[in-house]
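The values are calculated or read from the model by the stated rules, or taken from the named source; none is laboratory data. Source: prediction; values computed, not measured. Glycine gets a Cβ as well: all are built from the backbone with ideal geometry, and neighbour counts include every protein chain shown.
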Amino acid sequence: MDIIGLLTFKKMITPVIIQTLFWVGTGIAVIAGLIGVGSGLSSSYGGGSQVLAGLLILVLGPVFVRIYCELLILLFRMYETLGQIRDSLAEMRGQGGQAARADRGQ
C-alpha cells in the first residue's frame, strides 16, 4: 500500500469503503426481506401484504443499494479520469513547449 499516496490524498480509500458498504447494505436488505417474509407467514391474519413487502425488499433492496454505490463510485472514477486528463495535458504542454522552442532555435 502506498502510504505517501494515502497521506497526501493522491490515493483514495473511499471506493474500498463504498464496496464494503455495498455488502453491508445488501446483507441488511436480505435480512430485512427475510424478516418481512417470516413475519408475514407467521401472521394469523392479513400477512399477505407483509410477505409481498418482504419479497420486494429481498429482491429490490440489493438492487437499489448497488445503484447507489455505483453512483458514488462513479464520482471517484470521474475524479481519477480528470486527474489523468490533467496529467496528459500537462505532459503535452511540456512537449509542445519544447518543440516550439526548438522550431524557433532556442
Residue match in the stretch 18-28 (condition: among the hydrophobic types (A, V, I, L, M, F, W, C), assigned to a helix (DSSP H, G or I) and farther than 30 Å from ILE3 by Cβ): yes
Contacts under 9 angstrom Cβ, first residue in the stretch 13-31 being more than 23 Å from TYR79 (Cβ to Cβ), partner of a type in the set (Gly, Ala, Ser) and surrounded by 16 or more Cβ atoms within 10 Å (Cβ to Cβ), 6 or more apart: THR26/GLY61; ILE28/GLY61; ALA29/GLY61; VAL30/GLY61
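Of the residues that sit in the stretch 32-89 and are closer than 22 Å to THR20 by Cβ and among the hydroxyl-bearing types (Ser, Thr, Tyr), which one is modelled with the highest pLDDT? Give the steps one after another, and end with the answer.
From the stretch 32-89, those closer than 22 Å to THR20 by Cβ are 32-34, 57-58, 60-80; that's our starting set.
From what's left, among the hydroxyl-bearing types (Ser, Thr, Tyr): 68, 79.
Details: TYR68: 95, TYR79: 87.
Checked the stretch 32-89; the qualifying residue modelled with the highest pLDDT is TYR68.
In the stretch 34-78, what residues are of a type in the set (Ser, Thr, Tyr) and either in a loop (DSSP other than H, G, I, E, B) or loosely packed, with under 12 Cβ neighbours inside 10 Å (or both)?
Hits for the stretch 34-78 are SER42, SER43, SER44, TYR45, SER49.
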